[in-house]
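In what follows, a structure is listed as structure tokens, so that the remarks can point back to it.
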Amino acid sequence: MYPEYIVVHTAAFNGKDCDRDMIDAWHKARNWSGIGYHFVIVNDQHSSKADGSVESGRPTNKAGAHALGLNSRSLGICCIGHGDINDFTPAQYQSLYRLIRRLMTEFAIPVEKVIGHRELNQLAERGVISSRYRTSKSCPGSKVDMDFIREQLPATAALSDANEQPSPELREAIKQAVAVLQQHRSHYPNAQDELDEFIHHPEVISLSQ
């Protein structure tokens, strides 16, 4: 999967200690393979994780299960909390902006394709997705202003730090490191899925060519 959109969600849960693992359990209870979001951002209601902590869900090279009609071409970010009751925390917003900017750069996603879950309805109206994928949800919540979020982001994915090209020496070092990991993969049989995910990540591929 190569994503074209970034979709922002709320967990719609106002309790404590909600995180990636809790959502993973919810989604497995639906007989899904696991968490449907690619990233989770913890809020200030967790007893052991810092407000704004970013947790990884599904690998970015795998389709999510978070936005029917757009799963095969989008990345899903879930901010813990209930967006109809409270806005995201300042720390969540800080992490959200940082994460979205990185993903925009990594996958060349323009700001107009950073949307809230409820904005799938606009895509349906424009014929981007089928009208059967319209949603009645307010997600990421009535307290969350997606226009304001987009205003905090660059107009394009051409961020200044993305223009800094790695040196040939760095590319060669990464290429050799990947080769060594591949050569000795039999030494860590329980981490081979994670290794393959790392090696086939677009950032690693681009740096090792």
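From (1) part of a loop (DSSP other than H, G, I, E, B); (2) over 19 Å from Pro140 (Cα atoms); (3) in contact (Cβ under 8 Å) with a residue 12 or more places away in the chain, pick out the condition that doesn't hold for Asn31.
(3)
Out of Ala11, Ala65, report the one residue that is surrounded by 19 or more Cβ atoms within 10 Å (Cβ to Cβ) and closer than 30 Å to Val128 by Cα.
Being surrounded by 19 or more Cβ atoms within 10 Å (Cβ to Cβ) and closer than 30 Å to Val128 by Cα holds for just one of Ala11, Ala65, which is Ala11.
Among the residues that make up region 145-156, is at least one of them touching a Ser or Thr at 6+ places or on another chain (Cβ under 7 Å), assigned by TED's automatic domain parsing to the domain that holds Ala11 and on the phi < 0 side of the Ramachandran plot?
There is no residue in region 145-156 that is touching a Ser or Thr at 6+ places or on another chain (Cβ under 7 Å), assigned by TED's automatic domain parsing to the domain that holds Ala11 and on the phi < 0 side of the Ramachandran plot.
Check whether at least one residue in region 87-108 is aliphatic (A, V, I, L, M), under 24 Å from Pro154 (Cα atoms), part of a loop (DSSP other than H, G, I, E, B) and modelled with pLDDT under 95, and report yes or no.
The answer is yes; a qualifying residue exists.
Which residue out of Arg30, Arg73, Arg20 is modelled with pLDDT under 95 and basic (Lys, Arg)?
The conditions single out Arg30.
Being surrounded by fewer than 22 Cβ atoms within 10 Å (Cβ to Cβ), modelled with pLDDT of 95 or more and more than 16 Å from Pro140 (Cβ to Cβ) is the requirement here; does Ser53 meet it?
The answer is yes for Ser53.
May I ask you to say which residue of Arg134, Arg102, Arg98, Arg118 is touching a Pro at 6+ places or on another chain (Cβ under 9 Å), in the same structural domain as Tyr37 (by TED's automatic domain parsing) and not hydrophobic (A, V, I, L, M, F, W, C)?
The match here is Arg118.
Please find, among Gly76, Gly83, Gly52, Gly64, the residue that is farther than 14 Å from Tyr5 by Cα and in contact with a Gly (Cβ under 8 Å, 6 or more places away or on another chain).
Gly83
Filter region 109-155 down to residues that are assigned to a loop (DSSP other than H, G, I, E, B), farther than 18 Å from Gly36 by Cβ, polar (S, T, N, Q) and touching a helix residue (DSSP H, G or I) at 6+ places or on another chain (Cβ under 8 Å), then give me how many there are.
Going through region 109-155 one residue at a time, the tally reaches 3.
Here is a check on your reading of the model: is Thr105 more than 17 Å from the chain's Cα centre (by Cα) and β-branched (Val, Ile, Thr)?
Here the answer is no, as Thr105 does not meet what is asked.
Out of (1) surrounded by 12 or more Cβ atoms within 10 Å (Cβ to Cβ); (2) at pLDDT below 85; (3) closer than 22 Å to Leu96 by Cα, what's the single condition that is false for Ser160?
Ser160 satisfies every listed condition except (1).
Taking the condition crowded, with 17+ Cβ neighbours inside 10 Å and farther than 12 Å from Cys79 by Cβ, does Ile41 pass?
Judged against the criteria, Ile41 is not a match.
The values are calculated or read from the model by the stated rules, or taken from the named source; none is laboratory data. Here the structure is a predicted model, which means the values were calculated and not measured. Quick reminder, even Gly has a Cβ in these numbers, built from the backbone with ideal geometry, and neighbours come from all protein chains shown.
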